[in-house]
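Notes follow the structure.
The values are calculated or read from the model by the stated rules, or taken from the named source; none is laboratory data. Here the structure is a predicted model, which means the values were calculated and not measured. Every residue, glycine as well, gets a Cβ built from its backbone with ideal geometry; the counts of neighbours run over all protein chains shown. For the accessible areas, the whole protein counts, side chains as well, though only heavy atoms, and no ligand, DNA or RNA atoms are used. Shrake-Rupley method; radii C 1.70, N 1.55, O 1.52, S 1.80 Å.
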Amino acid sequence: MNGINTTIVSKMISAGGKWSSRIKRGKQITFTAMEDGANVSLLLYNADDTAERYNMPDTLKAQYTAYLTKGNVLLSDNGRVLASITEDSIGWHDTISGYCTRQQIDQKYGETTYQELRNDWYQNGEGNLIVELFRNGLTTSDLSPVVNLFSKVSCDDEGNTQFVQGHTKKGDKVTLRTEMDVLLVLSNTPNPLDTNKTYTTAPIEITITDAEPVKEDDVCLNHRPENRRAFENTWEYLLLSKGGIQ
C-alpha cells in the first residue's frame with residue numbers, strides 16, 4: 001500500500017506529446033512545467049461510464065468563473081466532481097480556447113510531415129487527442145471542450161480574447177485530485193490562440209501520488225455551495241455504485 005505523497009507514477013510528456021490513463025479515485029496528479037510557455041490540453045471522463053465527462057459550461061456557470069485555479073472543481077454533465085484543483089502556482093488555466101487543429105498548426109507554423117522530420121514534426125491537439133481516445137475505445141464523437149492547463153486567455157468588455165504570453169514559467173505546478181475513477185487524456189501542444197510565431201511548448205512532468213481524504217475544511221469542497229452539492233452527488237454515486245467511498 002502506498003502512503004500519502006508516495007510517488008506511484010512519474011513520467012515526462014515531451015513537447016508535442018500525448019498520454020492517457022485510467023486513474024483511480026483519491027489520487028493526486030501534479031503537472032510541472034519543465035520550461036517556460038507550457039500548455040497541456042486535458043479531457044476527463046468517468047472511467048466506468050465514459051458517456052459522463054467534463055462539462056465546461058456547467059463547471060464555469062456553477063463556480064461563477066471563466067477560468068480555473070485552486071479551489072475549483074471539474075464538473076461532469078451529471079453534476080458530479082471528476083477532479084478538484086488542490087494546488088496551483090499559476091492562478092489561471094484556460095477553459096475557452098479549445099485545442100489546436102492540423103489546419104491551424106500548418107497555417108501558423110508551416111506544414112511538416114512525419115516522413116520528413118520523424119518525431120520533430122509539429123503535432124496538433126486534435127490529432128493527439130483522437131489517437132488517445134481510440135486507444136481507450138472512444139471515437140471522434142467523444143471529443144469535447146478541453147481545459148488548457150498553464151495557459152491564460154482573457155476577454156475584454158467587447159468579448160475579444162487575448163492570449164497572455166509569458167503566463168507560465170519553468171517550475172510552475174498545478175495539482176488535480178481525482179474524486180472519481182477517471183480516464184485522463186492529454187495533449188502537450190500549443191494553445192490555438194498562442195501568438196508565438198514559433199512552434200513551442202514545454203515538456204511536462206506528471207507525478208501521481210495518493211491524495212489525502214477530503215476533509216470538512218477542504219478548499220475545493222467549500223469554494224462555493226454548488227461545489228459542496230456536487231461533492232455530495234459524487235459521494236452518493238460512489239456509495240450506490242461501488243459500495244463505499246473509502
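Observations on the structure shown:
- Test: residue in the range 106-127 that is polar (S, T, N, Q), open to solvent by 20 Å² or more (accessible area, probe 1.4 Å) and touching a helix residue (DSSP H, G or I) at 6+ places or on another chain (Cβ under 6 Å): no
- With respect to the conditions (1) touching a residue at least 24 places away in the same chain (Cβ under 8 Å); (2) open to solvent by 60 Å² or more (accessible area, probe 1.4 Å), Leu239 falls short on a single one, namely (1).
- Inclusion of Thr59 among residues that are out of contact with any Asp or Glu (no Cβ under 7 Å at 6 or more places or on another chain) and under 30 Å from Thr198 (Cα atoms) is not warranted.
- Checking each residue in the range 181-220 for being of a type in the set (A, V, I, L, M, F, W, C) and either open to solvent by 10 Å² or more (accessible area, probe 1.4 Å) or part of a loop (DSSP other than H, G, I, E, B) (or both) picks out Leu193, Ala202, Ile208, Ala211, Val214, Val219, Cys220.
- Checklist (1) part of a loop (DSSP other than H, G, I, E, B); (2) more than 14 Å from the chain's Cα centre (by Cα); (3) hydroxyl-bearing (Ser, Thr, Tyr) applied to Ser144, failing item: (2)
- Tally, over the range 132-144, of residues that are closer than 23 Å to Asp94 by Cβ and open to solvent by 60 Å² or more (accessible area, probe 1.4 Å): 1
- Residue pairs meeting the criteria (Cβ under 8 Å; at least 6 apart or on separate chains; first more than 25 Å from Thr201 (Cα to Cα), in the range 140-160; second open to solvent by 70 Å² or more (accessible area, probe 1.4 Å)): Asp156/Gln162
- Selection from the range 147-175 of residues that are surrounded by 11 or more Cβ atoms within 10 Å (Cβ to Cβ) and part of a loop (DSSP other than H, G, I, E, B): Phe150, Ser151, Lys152, Val164, Gln165, His167, Thr168, Lys169, Lys170, Gly171, Asp172
- Residues of the range 128-148 satisfying the condition of being charged (D, E, K, R), touching a helix residue (DSSP H, G or I) at 6+ places or on another chain (Cβ under 7 Å) and over 17 Å from Glu52 (Cα atoms): none
- Any hit, the range 40-48, residues being touching a residue at least 40 places away in the same chain (Cβ under 8 Å), in contact with a Pro (Cβ under 8 Å, 6 or more places away or on another chain) and open to solvent by 30 Å² or more (accessible area, probe 1.4 Å): no
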